[in-house]
Structures are given as structure tokens and as C-alpha cells.
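Worksheet: the structure to be examined is printed underneath.
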Amino acid sequence: MPVIRSSEAVTHEIHGARFVSYATPLTGSKELCAWRGEIPAGTKAPAHTVNREEIFHLLDGELLITLDDDTHRITAGDTLIINPGATLSVENPTDRTAVSWVTTSIGLQAKLADGAVITPPWAN
């Protein structure tokens with residue numbers, strides 16, 4: 001069983017957020033990916049449609065999450081299930097960084113409103 005030390009995690013940054021990658025095929029995972037998300041105060045990520053289910057658990061802070069047309073205010077301890085095909089946007093309207101833990105299956109892609117497709121390295 002591989003152990004990924006915090007010092008071995010790989011950090012990626014996009015759209016003002018930080019993704020600290022722990023479980024990926026590069027670290028020995030065969031089916032799942034997992035990462036810590038850090039969403040700074042005032043960040044509003046662009047809406048994107050995902051092709052894989054994601055489980056999004058908020059560890060610290062508060063966020064506004066829009067899934068398709070429904071907006072939810074979530075706080076530490078809340079968990080979202082984001083189904084394939086759902087359109088997601090994340091906003092941190094507070095004055096402190098929010099921290100999440102996310103899992104998904106290998107192969108996640110996100111399609112932006114302009115048609116651009118992102119294949120995040122923390123989920124592939």
C-alpha cells in the first residue's frame with residue numbers, strides 16, 4: 001500500500017485556486033484520485049461541466065456552490081455529490097481561505113462555458 005507523505009504531494013494552481021494532489025496514477029492509485037483544494041477569499045472559479053462523479057467535502061471555511069441552477073451555501077463538514085454532466089461553479093465570498101477534500105475516478109475532465117476542456121493533472 002503506497003503512502004503519500006504530505007511533502008510528496010504535488011501542487012497545481014488554476015483559476016486562483018490551489019490543488020494539492022495526493023492520489024493519482026503517478027502515486028499508485030488504480031481507480032481514484034484525491035486532492036486538497038484551497039480556495040482563497042474572494043475567488044470565483046468559472047463554471048465547468050464534469051464528466052465524472054466528484055465527492056466534495058468542505059474541511060474548513062464557507063463556499064457558495066452552484067450545481068446546475070441551484071446555489072448552495074456550504075460550511076465546514078458539508079459534502080456535495082457532483083454527478084457526471086453537472087455544471088459546477090465555486091465561489092468563496094468570505095475573507096478567509098476555504099479548504100476542501102475531493103475524490104473522483106481517474107479521467108476527470110472539465111468543460112468550460114467557452115468549450116475549452118481541462119484535463120486536470122491532479123485527477124488523471
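From the list Ile106, Ile74, Ile65, exactly one residue is closer than 18 Å to Trp122 by Cα and surrounded by 15 or more Cβ atoms within 10 Å (Cβ to Cβ). Which is it?
Numbers: Ile74 fails: closer than 18 Å to Trp122 by Cα; Ile65 fails: closer than 18 Å to Trp122 by Cα.
None of the others qualify; the one that does is Ile106.
Pairs are defined by a Cβ separation below 6 Å, a sequence spacing of at least 6 or placement on different chains, a first member in the range 4-18 that is outside any strand (DSSP E or B), and a second member that is open to solvent by less than 90 Å² (accessible area, probe 1.4 Å) and of a type in the set (Phe, Trp, Tyr); the pairs so defined are Ile4/Tyr22; Ala9/Tyr22. Report yes if Pro46 is assigned to a loop (DSSP other than H, G, I, E, B) and over 20 Å from Pro120 (Cα atoms), otherwise no. Taking the combined requirement at face value, the residue does not satisfy it. Screening Val50 with (1) of a type in the set (A, V, I, L, M, F, W, C); (2) open to solvent by 20 Å² or more (accessible area, probe 1.4 Å); (3) closer than 20 Å to Val117 by Cβ gives one miss only, at (2).
The values are calculated or read from the model by the stated rules, or taken from the named source; none is laboratory data. Because the structure is predicted, anything quoted here is derived from the model rather than measured. Here the Cβ is made from the backbone with ideal geometry for all residues, glycine too, and neighbour counts use every protein chain on show. Just the protein is used for accessible areas: all its heavy atoms, side chains included, with ligands, DNA and RNA removed. Shrake-Rupley method; radii C 1.70, N 1.55, O 1.52, S 1.80 Å.
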